[in-house]
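J.: Sharing a structure, written as structure tokens. Questions coming.
Derivation of every value follows stated rules applied to the coordinates shown; laboratory data play no part. The structure presented is a predicted model; accordingly, all values stated were derived computationally and were not measured. Positions of Cβ are backbone-derived with ideal geometry, glycine not excepted, and every protein chain shown enters the neighbour counts.
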Amino acid sequence: MSDAPMLELQGLKKSYRGKRALRGLDLTVNDNEILALLGPTGAGKSSTLLASAGLIELDGGTVRLGGDDVTRIDPASRDVAIVFEGFNLLPVLNVRDNIAFALRSPAFREAEDEIARRVGRTAELLRIAHLLDRDVGTLSGGERQRVAIARALVRRPRIFLLDEPLSALDLKLREGLRAELRQIHRQYRSTMLYATHDYHGAIAIADRIAIVDGGQIQQAGTIEEIFALPANLTVGKLVGSPSMAFLEAAIDDGSVVIKGAAQRLALSGFGRVAPSGGKLLLGVWPEDLEVGPAGAAGGSAGSIYAVDNRGFERAVQVETTAGSFRKVVPLEFPAEQGEACSFRVPDGAGFLFDEASGRRISHQDGRPA
């Protein structure tokens, strides 16, 4: 993978009728990578992609493609392909001509034999070759979304911008199309910016993840980097399945004390800790939390609030005096709704956050070895 960025967004600002959608957003997408833009509804994902494509007028900021400033360049001259959550197909054309549409435009015109070759190859990759002569009105929703994706992928643009392209599909179709997008990426060494609210979809397809909320990038990196050192509370809430557990805590005489819990954690296990004048939260990834029967040695009291069976495993929601959390446990784990249990935070696990600002105040010099 090249280190040269394909897309650079610097200080993007955009408001709609006085409501700010982008608040000085900065983002870099490297050449030949898939970067997932992960965030909830209203976080600024679509506005980021629209700004990258030149489909909205920015209030401030700079957009660069391949090192070129394209902030004031019209969309047709940017050489990007965008796929929206909606299908955006032309009902008067059949599937074959919908896919070939961009290749017959004045800006990207190709010879008809090349068009036929590209359409055929892309249709095979997306498993819609048998639909090429069908009218789009006769297709199912999943088939139409595949056609919309094929219409973008048949080109060789600088970057693909994918805005929740799979959210309307069922789970099996989503999983299949994510695999096919990865295959297309590997085959053509393409660059993709993939916007989604689906954590599982983001980590399945992306080389790196950028977490966006409130019109700003909260953190960007590989999933391993983000898990190792989450930037703030927002990141902890949006990453993971289940997401990070947050427990009320305080610092007392060189220890981190969880509210209502018997366990005390050595403050030295949290690296350098910045001062905080307000309430603290201890954030722990559920994978690190230990849950056991009531009265287990070294554990603190909790109760099972809910149990979700997932076939080969279970997810339990544990209530404590310091807060609640969810954790995936083996199917044979003895847990029934309403039962007492215990929980324990291993030494060295977890991060300290300032509740008011959301910032991480522990591990200021990186995570200790």
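J.: Have a look at GLY277, THR320, VAL291 and report the one farthest towards the positive end of the charge dipole of the stretch 266-343, computed about the Cα centre with Cβ charges (Lys/Arg +1, Asp/Glu -1).
T.: Toward the positive end, the furthest listed residue is GLY277.
J.: Taking the Cα centre of the stretch 233-369 as origin, sum charge times position over the Cβ atoms of Lys and Arg (+1) and Asp and Glu (-1), and report the length of that vector in debye to the nearest 20.
T.: Roughly 360 debye, rounded to the nearest 20.
J.: Within the set of other residues whose C-beta is less than 12 Å from the C-beta of GLU114, count the net charge using Lys and Arg as +1 and Asp and Glu as -1.
T.: Residues near GLU114 contribute +4 overall.
J.: Write out the trypsin sites (Lys or Arg not before Pro) in the stretch 170-218 meeting two conditions: DSSP loop, and at most 14 other Cβ atoms within 10 Å of their Cβ.
T.: Listed in order of number, the matching sites are ARG189.
J.: If you don't mind, there's one more thing I want to ask. Mind ordering 147-157, 317-327, 102-112 by average Cβ neighbours within 10 Å, highest first?
T.: Descending packing order for the listed peptides: 147-157, 317-327, 102-112.
J.: Also: PHE312 to ILE251: extension gain in nm, 0.36 nm per residue of separation minus the Cα-Cα distance?
T.: Full extension from PHE312 to ILE251 adds 18.0 nm.
J.: What order do you get for LYS13, LYS45 when you list them from fewest to most C-beta neighbours inside 10 Å?
T.: Ranked by crowding around the Cβ, least crowded first: LYS13, LYS45.
J.: As a test of the formula, what do you get for the chain when each DSSP H run with n ≥ 4 contributes -39,500 (n - 2.57) and the sum is divided by the residue count, at 222 nm and rounded to the nearest 500 deg cm²/dmol?
T.: -6500 deg cm²/dmol
J.: Identify, among LEU153, VAL212, MET192, the residue whose Cα sits farthest towards the positive end of the charge dipole of the chain, taking +1 on the Cβ of Lys and Arg and -1 on the Cβ of Asp and Glu, with the dipole about the Cα centre.
T.: LEU153
J.: Among LEU177, LEU331, LEU282, whose mean-square fluctuation peaks in a Gaussian network model of the chain (Cα, cutoff 10 Å)?
T.: Largest GNM mean-square fluctuation: LEU331.
J.: Assign unit charges at the C-beta atoms only (+1 for Lys and Arg, -1 for Asp and Glu), then state the dipole size of the chain relative to its Cα centre in Debye, rounded to the nearest 20.
T.: I would put it at about 780 debye.
J.: Around GLY137, with a cut-off of 14 angstrom between Cβ atoms, what is the net charge of the other residues, counting Lys and Arg +1 and Asp and Glu -1?
T.: -2
J.: Something else now. In nanometres, what is the gap between the two model label sites at GLU336 and SER303, each 7 Å from Cα along Cα-to-Cβ?
T.: Those two pseudo-labels are separated by 1.6 nm.
J.: Can you tell me the length gained on complete extension of the stretch ASP347 to ALA107, counting 0.36 nm per residue apart and subtracting the Cα distance?
T.: So the chain would gain 80.4 nm between ASP347 and ALA107.
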